1. For the range 94-101, does any single residue satisfy the condition of being closer than 18 Å to V34 by Cβ, surrounded by fewer than 20 Cβ atoms within 10 Å (Cβ to Cβ) and either in contact with a His (Cβ under 6 Å, 6 or more places away or on another chain) or β-branched (V, I, T) (or both)?
2. Just checking, how many residues over the range 14-35 are of a type outside the set (D, E, K, R), modelled with pLDDT of 95 or more and outside any helix (DSSP H, G or I)?
3. Could you check the range 42-64 and list, in sequence order, the residues that are hydrophobic (A, V, I, L, M, F, W, C), touching a helix residue (DSSP H, G or I) at 6+ places or on another chain (Cβ under 9 Å) and free of Cβ contacts under 8 Å to residues at least 24 places away in the same chain?
4. Would the range 28-42 turn up any residue that is closer than 21 Å to R112 by Cα and either surrounded by 14 or more Cβ atoms within 10 Å (Cβ to Cβ) or under 15 Å from the mean Cα position of the chain (by Cα) (or both)?
5. Looking at S183, S161, S145 in this structure, which one is at pLDDT below 90 and of a type outside the set (A, V, I, L, M)?
6. When only residues in the range 65-79 that are closer than 16 Å to S117 by Cα and either free of Cβ contacts under 8 Å to residues at least 24 places away in the same chain or of a type in the set (S, T, N, Q) (or both) count, which is surrounded by the most Cβ atoms within 10 Å (Cβ to Cβ)?
7. Only residues that are surrounded by 23 or more Cβ atoms within 10 Å (Cβ to Cβ) and either basic (K, R) or under 18 Å from T144 (Cα atoms) (or both): list them for the range 7-27, please.
8. From the list I40, I59, which one is in contact with a strand residue (DSSP E or B) (Cβ under 8 Å, 6 or more places away or on another chain) and assigned to a helix (DSSP H, G or I)?
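The values are calculated or read from the model by the stated rules, or taken from the named source; none is laboratory data. Predicted model, so just to flag it, every value in this text is computed and none were measured. Using ideal geometry, Cβ is built from the backbone for each residue, glycine included, and neighbour counts are taken over all protein chains shown.
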Amino acid sequence: MSAEKQTLISNIEENFNDAIHAATHIYFEGGVFVYPTDTIYGFGANPFNKDALTKITFIKRRSIDKKYILLAADIEMVLKHVELVNESHADFLISLWPNPISVVLKLNGYFRDIMGSETMAFRIPNHNFCRKLLNDINMPLVSTSVNRSDEPEMNDFTQISQEFNHEVDAIFYSEKPPLNIASTVIDLTGQAPVLLREGMISYKEVMEKCNEKCNG
């Protein structure tokens, strides 16, 4: 009989630097952790580690074909992984982020081969813990809602701990109440943004930004 996984529970306000260090270690070891973002709690892992992605898929009990949103530290990190349809889209993205807006973009040839996908959604979060972690790992981070497939998203630390303790390597939590609203998702693989899911930021706001910046 295998030993039960010991899950680290860490308050990011009380143990900020230790939590960042632990999350970084788990990321590079191919583990999975729960962490707060500027929207809802997410499962985090290294998107380039197939074992880590398999673990999240197993924990969530979701289809292996479904893609994950990737968080990035800054626009340079995003542009390293994608090819834009229009050069003006870079200015548009800069005007959107950091914010709870996830944008589906075309991956460049190198990362298409690595990820086995033509496109991927990226977001630059407006959250201190996320930004510090992303800067330290200097790589994108998986962000997907904390729940089982086809069940409601969980955004309460106590409930998350009860449900996923011993299944993940760590649960990093915040004493600040979560916003409990998922990110807005748009597709920018064409010339104009296409709304896939409206969240905290309205599609009207997105299009106002596009009208200002998407003029190429």
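1. The answer is no, given that none of the residues of the range 94-101 is closer than 18 Å to V34 by Cβ, surrounded by fewer than 20 Cβ atoms within 10 Å (Cβ to Cβ) and either in contact with a His (Cβ under 6 Å, 6 or more places away or on another chain) or β-branched (V, I, T) (or both).
2. Of the residues in the range 14-35, 6 are of a type outside the set (D, E, K, R), modelled with pLDDT of 95 or more and outside any helix (DSSP H, G or I).
3. Start the filter on the range 42-64 by keeping residues that are hydrophobic (A, V, I, L, M, F, W, C), which leaves 43, 45, 48, 52-53, 56, 58-59, 64.
After this cut, where a residue has to be touching a helix residue (DSSP H, G or I) at 6+ places or on another chain (Cβ under 9 Å) as well, the list is 43, 45, 48, 52, 59, 64.
Once the filter is applied, which keeps residues that are hydrophobic (A, V, I, L, M, F, W, C), touching a helix residue (DSSP H, G or I) at 6+ places or on another chain (Cβ under 9 Å) and free of Cβ contacts under 8 Å to residues at least 24 places away in the same chain, the range 42-64 yields only I64.
4. Yes, some residue in the range 28-42 is closer than 21 Å to R112 by Cα and either surrounded by 14 or more Cβ atoms within 10 Å (Cβ to Cβ) or under 15 Å from the mean Cα position of the chain (by Cα) (or both).
5. After ruling out the rest, the residue left standing is S183.
6. Among those residues, the one meeting the criterion is K66.
7. A23, Y27 - these are the residues of the range 7-27 that are surrounded by 23 or more Cβ atoms within 10 Å (Cβ to Cβ) and either basic (K, R) or under 18 Å from T144 (Cα atoms) (or both).
8. I59
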